[in-house]
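The values are calculated or read from the model by the stated rules, or taken from the named source; none is laboratory data. This structure is a prediction, so every number in the text was calculated from the model and none was measured. For neighbour counting, all protein chains shown are included, and Cβ atoms are generated from backbone atoms with ideal geometry for every residue, glycine included.
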Amino acid sequence: MDFNLPADDDPRRLEVRKWLEAHPNVTYEELAQKGYTVPHWPAPWGLSADPETQLIIEQEIKRAGITHPHTLNPIGVNQCGQSLLVYGTEEMQQKFLPPALACRDIWCMLFSEPSSGSDLGGLRTSARLEGDHYIINGQKIWNSNAHISQVGVVIARTDPTVPKHRGLTVFLIDMKDPGVEVRPILDMSGHAPEFNEVFLTDVRVPVSNRLGEEGQGWRIVLEQLQTERMGMVKPGAVWGFGPTARELVSGLIETRKINDPLVRDEAAKLYVEGELLRLLADRNLSNRINGNPPGLEANLGKMIASPHGQRLSDLAKRTEGIAGMLRDEDELPLPKQDYGLFNSWDYCYWFGPAGTIGIGTTEILKNTVAERILGLPRDIDPSAKLPFSEIGRPQLAA
Amino acid sequence: MNFTLSEEHIALRDNARAFLSKEVRLDPYLKPEANEQPVARDGLWDEIRKLGWTGIVIPEAYGGLGLTYIDLVMIVGETGRTLAPSALFGTLAGAWAVERCGSEEQKQSLLPQVAAGELSLALAVADPNGDVNGLSHGATASKAGDGWTISGEKSFVVEAADADKIVVMVDVEGTPGFFIVDAKAQGLAMERLDWRDITRHVSRISFKDVPAERLPQADGDSWSWIRDRLYLILAAESAAGAEQVLDDAVAYAKERIAFGRPIGSYQSIKHDLAEVAGGNECATAGVQYAAWALSEGTADASKAAAIAQSYASEQYRAATACNIQVFGAIGFTWEMRNHLYYKRARANAELLGTPRDQREQIMRILESEHKHAA
């Protein structure tokens, strides 16, 4: 056990730093070609780097003031892109990965549906094989980035005659297909829309854009969600991102609100929790270093991290008093740094309720922890074993 | 960098677990008589001393194994998981006081005996009013000729009954000073307290002109140095105890049928247990980090120890409360071991100050860091 991070003069670090300094106006294309976008992937995409080297490269990209490709194109570079390494054909990899890693093609996930959120397996979007194309029909919702995406990762039902989780298949679709209609959803934060609904009408997808085999869809999206949740095991205010308890405490000290004994102890509790979340994230990273595949710890981590984030912005907002009701104004000072999308306590607070809903509600995560980690009995789902077409609910979209 | 346990650490933990699961007997504590009369100690402490656990972190120069605090928490955690009734806590505490405050000669003479399992110690810190900062004058040291004597009272002393010698913290001119006395010395009287957590011996000690040997290297930082290590082992006990009560509750929830189904199939139970599992992961992570930080002597070691103790003790309380709730009424009876854990959890959250006290320590560190950064 050794919590020391790779040192500032680590030769691996110096090499990366030297290259980045020699390329002051580096493009995402060049970054990808160098293997720095996904260093942990095998060649030709990455360097087969161990997670320690991956961490170094990530830190150096940040140090150089570059927005990391996985911030710009998280689904393509992180959550879904790597599924192509496992389930994609050579042809598919060559077609989709270079533009994704170069951030020319932004990707989005098209998973949830209006009637299938937590029970994602009950989704109704259909994919029907006609010759060498699938025809996809249905409606997706809560799709981040869909309005700026070129590629959509869709899960659809290819076989309604088998139980719901078995008849699902994943496809990569062209978001510019005339059958794809994207409508932004204004969420309660009132900020520029983060989510969309996506209508799919007779979208034609070549068979070669199918990821994996028919029926493998459930497994693939579970892995992708696991990867996504792993990235949320962090102490930030929304899904692990944004300011943490460290910045909260700093603002409270600055304004002397920390001298209120109740605020003080609550802030200290949040600080303690935040530091422990950092340790869970570190440990997850080490599990990767040690060659253990990402597993259920992401569910447990997100189960803790998301409510923690809500409590952070809640305390921040409460200490602002009535002034906290003014739109977009932070009364509590936030130390200057790059927080990404969630860059004010105000936005974190009003966006906050999404934290324990999106990417697995806390209730679903608790079920997963209880059933898969503690080994408690599975919830009763009367629809789980029936052929999908016999479940008493509205039929497939035409 | 590697934030996970090595195979050696896991082997150490598993060996300790195997030994303790065989040797620790809690049945005598679950008989109604245990409510009336203290349970006599069995041979466990002798066995533990034979295994050399008292010398794990004593430096090799003083006859110990000189292992790290990570190794130590692997073992102490298991004593917490099983509530192993022994004098290990007191002996480790006393040995740290000697290591930090003793003269070279004292260390050479005392620590090898501790490491060899020949000398059991206890550390008397708290005053009868519960203050653990050593400055409220429960007992005082006075010069007597070439030496010192101690008079007054100390209380809440863990495992003093099994100790051969007791290290006593008293105020010497505004600074906590440390003295060592013979447990059998003239003028020393020990009274066993009717302590709720019956798997631990806790005593009040009165001193009347008891001859004492000063540990001369004590300074203003000695107590926090010792206390950080005590935080660590209490937190290690708590984190592993919390795992045990979760395991027990999960096993019971799979077995117990109500309304035709195991109660563990109801979300109300599952979700409570999942939450305990989450908190337990955090508690364990905090303990392991603090153990590493103290081993390395990092700048944040003290903060890490306070984080571990404040969180693990509260998590232990939450886990034991949930454990009894899941068991229902049977978990509330004396004959079940659930209450032993519940009481240990309560005690661990009070013994060295409350979790809120530790958070105040953390906050002061943060304020001072903030000031230096500005």
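General remarks:
- Residue match in segment B:31-50 (condition: in a helix (DSSP H, G or I), of a type in the set (D, E), more than 20 Å from B:I75 (Cα to Cα) and out of contact with any helix residue (DSSP H, G or I) (no Cβ under 6 Å at 6 or more places or on another chain)): yes
- Restricting segment A:326-379 to residues that are basic (K, R) and not in a loop (DSSP other than H, G, I, E, B), the residue that is nearest to A:E223 (Cα to Cα): A:R372
- Condition met for B:A240 (in contact (Cβ under 8 Å) with a residue 12 or more places away in the chain, more than 13 Å from A:P377 (Cβ to Cβ), within 9 Å of chain A (Cβ to nearest Cβ) and part of a helix (DSSP H, G or I)): no
- Residue that is assigned to a helix (DSSP H, G or I), in contact (Cβ under 8 Å) with a residue 40 or more places away in the chain, under 20 Å from B:N129 (Cβ atoms) and within 14 Å of chain A (Cβ to nearest Cβ), where the choices are B:Q358, B:Q309: B:Q358
- Looking only at segment B:243-269, residues that are within 9 Å of another protein chain (Cβ to nearest Cβ) and part of a strand (DSSP E or B) come to 2 in all.
- There is no residue in segment A:349-356 that is modelled with pLDDT under 95 and within 14 Å of another protein chain (Cβ to nearest Cβ).
- Checking the stated criteria, B:A95 turns out not to satisfy the condition of being in a loop (DSSP other than H, G, I, E, B) and crowded, with 23+ Cβ neighbours inside 10 Å.
- Residue within segment A:222-231 that is surrounded by fewer than 18 Cβ atoms within 10 Å (Cβ to Cβ), within 13 Å of chain B (Cβ to nearest Cβ) and without any contact (Cβ under 8 Å) to a residue 60 or more places away in the chain present: no
- Strands (runs of 3 or more DSSP E) enclosed by segment B:121-170 - at least 1 residues per element that are within 16 Å of B:V210 (Cα to Cα) and at pLDDT 95 or above: B:121-124, B:147-158
- Of the residues B:A345, B:A304, the single one that is at the interface with chain A (Cβ under 9 Å from one of its Cβ atoms) and either in a helix (DSSP H, G or I) or modelled with pLDDT under 95 (or both) is B:A304.
- Just one of (1) of a type in the set (G, A, S); (2) in contact with an Asp or Glu (Cβ under 8 Å, 6 or more places away or on another chain); (3) at positive phi fails for A:G190. It is (2).
- Selection from segment A:156-191 of residues that are assigned to a strand (DSSP E or B), without any contact (Cβ under 8 Å) to a residue 60 or more places away in the chain and either among the aliphatic types (A, V, I, L, M) or outside the structural domain of A:R128 (by TED's automatic domain parsing) (or both): A:L168, A:V180, A:V182, A:I185
- Inside segment A:258-303, residues that are free of Cβ contacts under 8 Å to residues at least 40 places away in the same chain, closer than 16 Å to A:E247 by Cα and either basic (K, R) or within 8 Å of chain B (Cβ to nearest Cβ) (or both) make up a count of 9.
Results for (1) touching a residue at least 24 places away in the same chain (Cβ under 8 Å); (2) buried (at least 23 other Cβ atoms within 10 Å of the Cβ); (3) touching a helix residue (DSSP H, G or I) at 6+ places or on another chain (Cβ under 6 Å), shown as yes or no for each residue.
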| site | (1), (2), (3) |
| --- | --- |
| B:T54 | yes, yes, yes |
| B:G66 | no, no, yes |
| B:R100 | yes, no, yes |
| B:A116 | yes, no, no |
| B:L119 | yes, no, yes |
| B:A124 | yes, yes, no |
| B:G130 | yes, no, no |
| B:L135 | yes, no, no |
| B:K143 | no, no, no |
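- Count - residues of segment B:270-294 that are farther than 25 Å from B:Y69 by Cα and more than 8 Å from chain A (Cβ to nearest Cβ): 2
- Those residues of segment A:246-257 which are assigned to a helix (DSSP H, G or I) and either without any contact (Cβ under 8 Å) to a residue 24 or more places away in the chain or touching a Ser or Thr at 6+ places or on another chain (Cβ under 9 Å) (or both), in sequence order: A:L248, A:V249, A:G251, A:L252, A:I253, A:K257
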